[in-house]
Amino acid sequence: QAFWPRAQPWQRDQRRNPSQAHSPRDGPTMATASRATEIARLYRQTLRAAEGLTDYNFRSYFQRRAREDFRRFASMQRRGAVDAAGTGAFLESGKETLAMLKRQALVSSLYEAGPVRTSR
């Protein structure tokens with residue numbers, strides 16, 4: 001199945017020529033394009049929030065995890081394994097993760113550890 005949604009029945013009835021029906025080659029519909037923009041915005045915000053963590057290990061872990069999660073979602077989308085409900089669920093979980101990262105970045109900045117000192 002193609003990623004792009006097909007025209008709904010009420011949209012097909014309004015078209016006079018059946019050859020004008022929406023096909024995957026036509027490109028994304030407005031709703032799909034706005035969802036793609038929202039996903040890209042969420043990806044950038046998640047990476048920026050992960051940069052706010054002061055500890056290198058936490059920062060690199062969350063950046064890596066965000067890249068992996070979004071790449072996995074994009075590959076599933078290309079294969080057609082994700083519908084509109086799946087996209088909505090991914091956006092909701094991504095927003096929850098973003099909120100958690102922002103809270104953790106704030107806590108991380110409040111309790112920032114100094115450089116490691118060794119005694120001689």
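The values are calculated or read from the model by the stated rules, or taken from the named source; none is laboratory data. In this text, all values refer to a predicted model and were calculated from it rather than measured experimentally. As a convention, Cβ positions derive from the backbone with ideal geometry for all residues, glycine included, and neighbour counts pool all protein chains shown. SASA here: full protein model, heavy atoms, side chains in, ligands and nucleic acids out. Shrake-Rupley method; radii C 1.70, N 1.55, O 1.52, S 1.80 Å.
Legend: residues Lys95, Lys102, sorted from most to least accessible area (1.4 Å probe; ligands, DNA and RNA excluded), read Lys102, Lys95. Between Ala40 and Ser119, the modelled label-to-label distance comes to 5.6 nm, taking each label 7 Å out from Cα in the direction of the beta carbon. The 1.4 Å probe gives accessible areas that order Tyr56, Tyr43, largest first, as Tyr56, Tyr43.
3J(HN,Hα) along segment 70-81: 5, 5, 5, 5, 5, 5, 5, 5, 4, 6, x, 8 Hz, from the Karplus curve 6.51 cos²θ - 1.76 cosθ + 1.60 with θ = phi - 60°, whole Hz, x for Gly and Pro.
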